[in-house]
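To keep things clear, I will list the structure first and then write my remarks on it.
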Amino acid sequence: MLRKLPQILCFATLPFASLNLRADDKIDQVLSELQALRQQVATLEARVATLEATKAIPAGALDASAPEAQPRERKNLFDHMRIELQKAEARASGPWTTPANWNGIQNGLTEDEVIEILGEPTDRKFSVRRDTDEIFYYRGDLEGTGEPIEGEIRIYKGKVRRFTLPDFPTES
């Protein structure tokens, strides 16, 4: 029986030896993955460092670049054109845009006479007030400042009851 003891011990430890070999394979695989990850982190850190170095370019160097200056000029040109078109549209909306025509407006004129003098109103609204049936609004941005100029005529029983002259800008 003592003779067979080494053989028995060999057979008894054989499963543990194969487990040991499998564990070594797993450790080798984990170590190789760890090394690959470290290498990837090192390359990413190098890329970040180069990007941060290019980002450190002085702001004055970027401001002087020509491609960035053109869109601003173009935007200003388009804004200027838009404002001029709005002014032209308001001026072309009728004779109400000239202050001299408002001198002809007085209480007692009929709706048709007002429209003949000032042209069609830019807006008409019905009123709930007892002394006003309808309100004619004449408004537009004549100067292109974004602040519309507005005149108002209140009609009661078909005639001018009250009116407010537009606040025309003074000629300089």
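Can you work out which of the residues in segment 99-147 that are basic (K, R) and assigned to a loop (DSSP other than H, G, I, E, B) is nearest to the chain's Cα centre (by Cα)?
Within segment 99-147, the match that is nearest to the chain's Cα centre (by Cα) is R129.
Among (1) modelled with pLDDT of 75 or more; (2) touching a Phe, Trp or Tyr at 6+ places or on another chain (Cβ under 9 Å); (3) surrounded by 11 or more Cβ atoms within 10 Å (Cβ to Cβ), which single condition is S93 missing?
S93 satisfies every listed condition except (1).
Residue by residue through segment 15-58, note down the ones that are modelled with pLDDT under 65 and assigned to a helix (DSSP H, G or I).
Of everything in segment 15-58, those that are modelled with pLDDT under 65 and assigned to a helix (DSSP H, G or I) turn out to be A17, S18, L19, N20, L21.
With (1) more than 25 Å from A100 (Cβ to Cβ); (2) touching a Leu at 6+ places or on another chain (Cβ under 9 Å) as the list, and S127 as the residue in question, which single condition is left unmet?
Against the list (1) more than 25 Å from A100 (Cβ to Cβ); (2) touching a Leu at 6+ places or on another chain (Cβ under 9 Å), S127 comes up short only on (2).
Report yes if some residue within segment 133-147 is modelled with pLDDT of 90 or more, surrounded by fewer than 15 Cβ atoms within 10 Å (Cβ to Cβ), within 28 Å of I83 (Cβ to Cβ) and out of contact with any Gly (no Cβ under 9 Å at 6 or more places or on another chain); otherwise report no.
No: zero hits.
Do you know which residues across segment 96-132 are modelled with pLDDT of 90 or more, surrounded by 12 or more Cβ atoms within 10 Å (Cβ to Cβ) and of a type in the set (G, A, S)?
Residue satisfying the conditions is G104 alone.
The values are calculated or read from the model by the stated rules, or taken from the named source; none is laboratory data. None of the values given here were measured: they were computed from a predicted structure. Cβ coordinates were reconstructed from backbone atoms using ideal geometry, including for glycine residues, and neighbour counts include every protein chain displayed.
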